[in-house]
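Below: the structure, in structure tokens.
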Amino acid sequence: MHITNENSNDGKHIQRSVFFISDGTAITAETLGHSLLAQFPHVDFDIHVLPYVDSEESALRAVEEINKIATDQGVLPLVFDTLVDVKVREIINTAKAVNLDVFEGLISKLETELDTKATTLVGQTHAVTNTASYKARIDAVHFALDNDDGARTRHYDQADIILIGVSRSGKTPTSIYLSLQFGIRVANYPLTEDDLDDNCLPAVLKPHRQKLFGLMIDADRLVAIRQERKANSRYASFSQCQMELRAIEGIYISEGVPFLNVSEMSIEEISTRILQMTGLKRRIG
């Protein structure tokens, strides 16, 4: 089959295979690659992640897999890699693909600017090089898990931020992401129907008003999420979701709690906006 790297966009979705390859977990290649691919919403990407390609043998197997897809589909796959070993990288570059090495161009520019050579240690991008930073991250994750969903409130004085919102508005995943990525100690508390009926903050939250941050979500989106958990229930009905959201928005406004509509945002975007709006500083870096 003829191999080409050209596509014509006739208004239909284009399909393209993508490989994220790394000598480690592939998280760096995947994160950067997804950020770049998000700029092309008209393309449907078929994602393949190949971590721990850290030997010539594993690189040859990767090339074989890439070449098979290239031949079967008749179009060159895109390959994002964060490979440090030169020999391994050279093998990957022989594949029938559009090779987009994440490090090669950037590292050479940094070496020139810094007037020093980079290390070539496989897996260095994810090495635990700062013990204090790593400990802060783990401690923050433990804190988030221990203070999830209002299960415990006696340690709220130790929290950097307390996320509040209606059930299924994204509090838990946002808490975990903020703690894991930034070492921030996050608690979260769901405002229940009883709380909303009182039209004010629960007593347990009032002493911590300055730490509160509210999550808001569109009713249609909330219904869809709740339907996955309890289909055709009152809990997941549009009228119930709409009532809760109106009530909680009123509390946010009357109590002066900053809040963010997260309906169309990824966890990464939500977390970044929260840091921006609150001025919270990362505990790791």
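For region 195-218, give me each residue that is more than 12 Å from Ile164 (Cβ to Cβ) and either among the β-branched types (Val, Ile, Thr) or under 23 Å from the mean Cα position of the chain (by Cα) (or both). Selection gives Ile217, Asp218.
In the set Lys135, Lys171, Lys211, which member is without any contact (Cβ under 8 Å) to a residue 60 or more places away in the chain, within 14 Å of Val257 (Cα to Cα) and out of contact with any Ser or Thr (no Cβ under 7 Å at 6 or more places or on another chain)?
Values: Lys135 fails: within 14 Å of Val257 (Cα to Cα); Lys171 fails: within 14 Å of Val257 (Cα to Cα).
The match here is Lys211.
Answer yes if at least one residue in region 169-191 is charged (D, E, K, R) and either at pLDDT 90 or above or under 30 Å from Gln242 (Cβ atoms) (or both), and no otherwise. Yes; the residues of region 169-191 include at least one that is charged (D, E, K, R) and either at pLDDT 90 or above or under 30 Å from Gln242 (Cβ atoms) (or both). Need the failing condition index for Val204 against (1) within 18 Å of Ala151 (Cα to Cα); (2) in contact with a helix residue (DSSP H, G or I) (Cβ under 7 Å, 6 or more places away or on another chain), just the number. Of the numbered conditions (1) within 18 Å of Ala151 (Cα to Cα); (2) in contact with a helix residue (DSSP H, G or I) (Cβ under 7 Å, 6 or more places away or on another chain), the odd one out for Val204 is (2). Tell me the helices (runs of 4 or more DSSP H) entirely within region 7-96 that contain at least 2 residues that are open to solvent by 40 Å² or more (accessible area, probe 1.4 Å), in contact with a Ser or Thr (Cβ under 6 Å, 6 or more places away or on another chain) and closer than 30 Å to Glu269 by Cβ. Output list is empty.
State whether one or more residues within region 156-168 are among the polar types (S, T, N, Q), under 30 Å from Ser133 (Cβ atoms) and buried (at least 16 other Cβ atoms within 10 Å of the Cβ).
No - not one qualifying residue is present in region 156-168.
The values are calculated or read from the model by the stated rules, or taken from the named source; none is laboratory data. These numbers come from a predicted model, not from an experiment. Counting neighbours? That spans all protein chains shown, and the Cβs are built from the backbone with ideal geometry, glycine included. Just the protein is used for accessible areas: all its heavy atoms, side chains included, with ligands, DNA and RNA removed. Shrake-Rupley method; radii C 1.70, N 1.55, O 1.52, S 1.80 Å.
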